[in-house]
Amino acid sequence: MTSPYGLHRVLEPAGVLPQQAWRLDATPECGADEVVVDVERLNLDAASFRQLREEHGPSIRQAVLDVVAERGKMQNPVTGSGGMLLGTVRAVGPSSPLGLEVGDRVATLVSLTLTPLRVTDGLARWDGTTEQVPCTGTAVLFGRSIAAVLPCDLPDELALSVLDVCGAPALTNRVVRRRAAESVLVLGGGGKSGSLSLAAARRAGASRLVALVPTEAEASRVGSSGLADEIVVADARDPVAVLEAVGTRVDVTVVCVDVPGCEHGAILATADGGTVVFFSMATSFSAAALGAEGLAADVEMIVGNGYVPGHAAFALDLLRTEPAVRALFEHRQTAQA
């Protein structure tokens, strides 16, 4: 009997959900409410890719293969994060509620950390230099999984890049509208989730948008895009430098960086009564909570969990209607090619 939460795929330890499990059964046999996907491409999340690249260098391909073989899923043992994937639906169980059909080309909107995954080509087409990993294999979606049929008007790689981070702009839009926030800071404003979050904040009514980036080159790109009113260069891991760079503190801060240690700068830059949205798998939530306490900071802190109803359509609409966003995404892809 299958579970919509994927409990039947957990091999060890017993009694936990797939994301918490050490090892999953990735056998590509379709249960009653499951969907089996022929995998074409993985998209490793930014924090995971950075950590793997820094630790393993030219051996990154083997490191990813070892994780998948050992665990039946892609879950970075250091960051705990994974990513998502693109593929074609091979089989759909008769009780699946996902509305997918055999032959649909889809991007999964649930993490690889809970998705049963097999890799069968040794990642032979991946050179280890990009987050997107050409791949042959299979994956399994559960009854409570989420997937989006790929749009016909966008290149696969571009659509996958957007869908990988589609929770960030949707949550930014919600928070800015709910608070009627006037000022928004995005740490990592030149990245994928950062640029989308800037566009979402503008659409939600914010009148002061600040993008914090690590280099002058990135500041130039974001500045020419017009996505932000102010572009500041600082190390997001240096709390005092962040505060000095931002100046007047903001109503909402969105953290979209892929390195650890950025919690305290985000808190310092946020006004009392403001909100910090942590949309980064590099975040230490204990550091955030204890740091806010130690700084006597009266800020609401939100964990971005990657899901907001309608998030995929919202992010794709931003890409289609905001030329500056699309230009930044395409530049990033060209730079990684």
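All of the numbers you see were taken from the coordinates with simple rules; none came from a lab. If you're wondering where the values come from, they're calculated on a predicted model, not measured in any experiment. Every residue, glycine as well, gets a Cβ built from its backbone with ideal geometry; the counts of neighbours run over all protein chains shown.
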- [ ] Can you tell me the equivalent ellipsoid semi-axes for the stretch 7-164? Use √(5λ) from the Cα gyration tensor, largest first, whole Å.
- [x] 23, 20, 13
TODO: Measure nothing but the geometry: give the 0 to 90° angle between the long axis through the Cα atoms of 323-336 and the longest principal axis through the Cα atoms of the chain, rounded to 10°.
DONE: 60 degrees
Open item on the list: Give me, ordered by chain and number, the residues 5 or more places off Ala91 or on other chains with an amide H under 5 Å from its own placed amide H.
Closed with: Val36
- [ ] List, in order, the whole-Hz ³J(HN,Hα) value for each residue of the stretch 87-97 obtained from phi through the Karplus relation with A = 6.51, B = -1.76, C = 1.60 and θ = phi - 60°; use x for Gly and Pro.
- [x] x, 10, 5, 8, 8, 10, x, x, 9, 5, x
TODO: Could you list which residues have their amide H under 5 Å from that of Arg23, counting only those 5 or more apart in sequence or on another chain, with H placed in the peptide plane?
DONE: Leu11, Glu12
TODO: Subtract the Cα-Cα distance of Val102 and Val16 from 0.36 nm times their separation in residues, and report this length gain in nm to one decimal.
DONE: 28.0 nm
TODO: Specify the angular offset, from 0 to 90 degrees and rounded to the nearest 10, of the alpha carbon long axis of helix 311-321 from the longest principal axis of the alpha carbons in the chain.
DONE: 60 degrees
Open item on the list: Rounding to the nearest 10 and keeping the result within 0 to 90°, find how far the Cα-based axis of helix 167-179 lies from the longest principal axis of the chain.
Closed with: 40 degrees
Task: Volume per residue that the Cα convex hull of the chain spans, once the total is divided by residue count, Å³ - done: 128 Å³
TODO: Calculate the spin-label point distance for Tyr307 paired with Thr120, positioning each point 7 Å from the Cα along the beta-carbon direction, and give it in nanometres.
DONE: 2.9 nm
Task: FRET efficiency, Asp66 to Glu244 (Cβ-Cβ, R0 35 Å, nearest 0.05) - done: 0.20
- [ ] Report, in deg cm²/dmol and to the nearest 500, the calculated mean residue ellipticity at 222 nm for the chain, where each DSSP H run with n ≥ 4 adds -39500 (n - 2.57) and the sum is divided by the residue count.
- [x] -10500 deg cm²/dmol
Open item on the list: Please compute the modelled spin-label separation between Arg144 and Asp272, points set 7 Å along Cα→Cβ, answer in nm with one decimal.
Closed with: 4.0 nm
